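Coordinate-derived values only; no laboratory data. Keep in mind it's a predicted model, so treat the numbers as computed, not measured. When we count neighbours, we look across all protein chains shown, and the Cβ atoms used for this are built from the backbone with ideal geometry, even at glycine.
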Amino acid sequence: QVQLAESGGGSVQAGGSLTVSCEASGVTFSDTSMGWFRQAPGKEREFVATIGRAGSTLYANSVKGRFTISRDNAKNTVYLQMNSLKPEDTAVYYCAAKSGGFSSIAIPYEYWGQGTQVTVSS
């Protein structure tokens with residue numbers, strides 16, 4: 001059974017930093033591409049960042065230069081380091097896993113975590 005467990009969400013002031021983590025189980029992590037998506041109240045879920053099996057990355061324009069996605073295959077964990085946070089980054093952040101190459105589109109992702117809340121106050 002595949003499980004994705006996010007952690008590390010919380011509240012921070014604008015300009016601050018936060019790192020969220022996602023530990024995967026039940027998958028061959030090194031063969032899995034991982035993504036982060038977020039959903040703010042009243043809005044659709046949107047792409048944030050993705051990392052492929054070999055470490056290639058892709059970011060949404062809104063977070064490029066501020067967020068960094070990384071993975072530790074030995075720990076079956078993907079991270080999202082978030083710097084220079086803005087109130088508009090407030091959302092529930094979800095990690096997702098898919099076989100094959102990475103994607104900025106949610107549909108191909110086969111497995112999803114429950115999400116972790118990130119709140120940025122001004």
- Lys, Arg +1 and Asp, Glu -1 on Cβ, resulting dipole of the chain about Cα centre, debye, nearest 20: 200
- For the chain, built as a Gaussian network whose Cα springs stay under 10 Å, the top-fluctuating residue of Ser104, Ser62, Ser17: Ser62
- Query: Setting aside same-chain residues fewer than 8 positions from Lys98, which lysines have a Cα under 18 Å from its Cα?
  - Reply: Lys75
- Query: Within straight cross-link reach of Lys86, meaning Cα distance under 27 Å, which lysines are found once same-chain residues fewer than 8 apart are removed?
  - Reply: Lys43, Lys64
- Once amide hydrogens are built 1.01 Å from N within the peptide plane, the residues lying 5 or more places from Glu110 or on another chain with amide H under 5 Å from its amide H are Ala97, Lys98, Ser99
- For region 1-79, shape from the Cα gyration tensor axes a ≥ b ≥ c, cut at a/c of 1.5 then a/b versus b/c, turns out prolate
- Say we join alpha carbon atoms closer than 10 Å with springs in a Gaussian network model of the chain; which of Ile107, Ile51, Ile69 then has the biggest fluctuation? Ile107
